[in-house]
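The values are calculated or read from the model by the stated rules, or taken from the named source; none is laboratory data. Bear in mind that the values here come from a model prediction, so they are computed numbers and not experimental data. Cβ sites come from the backbone with ideal geometry, for glycine too, and all protein chains shown count toward neighbours. Heavy atoms of the whole protein, side chains included, go into the accessibility calculation; ligands, DNA and RNA do not. Shrake-Rupley method; radii C 1.70, N 1.55, O 1.52, S 1.80 Å.
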Amino acid sequence: MTLIDNKAPDFDLEGSDGKRHRLQDYAGRRLLLFFYPKDNTSGCTKEAAGFRDLKPEFEKLGFVMLGISRDSLASHQRFIDNHELNMVLLSDPDASMMKAYHAFGEKMMYGKQVSGVIRSTVLICADGIIRKHWTKVAKAEQHPAQVLAYIKDFHCE
């Protein structure tokens with residue numbers, strides 16, 4: 001089942017800003033969710049740093065950005081501090097949001113089938129409908145620029 005053209009699944013998670021974040025908090029706003037496996041790891045750091053550097057561009061286009069992993073809020077704070085991240089990171093310890101957004105499940109890792117976080121990104125327009133879903137992102141360091149290029153050419157209300 002694809003997420004594209006479907007209503008975004010609800011969520012209710014704690015954020016690195018000390019607040020709870022729910023989908024309804026973003027009603028009428030454009031939302032970019034990026035799911036990543038682990039704070040302070042090589043690929044995740046490159047991806048988060050890319051989104052950090054491009055965040056002003058995303059904001060000019062009217063997007064709010066949230067990063068989501070299973071890590072604790074304390075781990076998120078270390079990640080933010082270590083890499084001067086400028087976005088809110090949500091903690092999804094039981095992967096409930098990740099499962100709803102198809103960002104947790106079977107994947108290949110070092111040639112073996114494992115269950116875990118699938119690096120992916122979801123674009124939700126102001127109407128609450130998912131318009132783009134990047135599944136199984138392979139090149140974490142290139143992904144933020146690819147997302148920005150897509151958004152610049154895409155009309156999202």
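Annotations
- Mean residue ellipticity (222 nm) of the chain, computed from DSSP H runs ≥ 4 via -39,500 (n - 2.57), nearest 500: -8500 deg cm²/dmol
- Under DSSP loop assignment and at most 14 Cβ neighbours within 10 Å, longest chymotrypsin sites (Phe, Trp or Tyr not before Pro)-free interval of the chain: 1-109
- Axial C-alpha extent at least 20 Å, average Kyte-Doolittle at least 1.0 - helices from the chain (DSSP): none
- Cleavage-rule hits (GluC sites (Glu not before Pro)) in segment 32-98: DSSP loop, at most 14 neighbouring Cβ within 10 angstrom: Glu84
- Asp10, Asp39, reordered so the largest accessible area comes first (probe 1.4 Å): Asp10, Asp39
- Loop-exposed trypsin sites (Lys or Arg not before Pro) per DSSP, neighbour cap 13 Cβ within 10 angstrom, longest uninterrupted part of the chain: 30-135
- For the chain, the cysteines with no partner cysteine C-beta closer than 4.7 Å are Cys44.
- Just the protein heavy atoms count here, and of the accessible area of the chain at 1.4 Å, carbon and sulfur take up 50 percent.
- Relative contact order [Cα under 8 Å, 6+ residues apart], segment 73-157, whole percent: 16
- Local electrostatic count at His83 - Lys and Arg +1, Asp and Glu -1, tallied over other residues with Cβ under 15 Å: -2
- Take every DSSP beta bridge whose two residues both sit in the chain; close to 70 percent of them are antiparallel.
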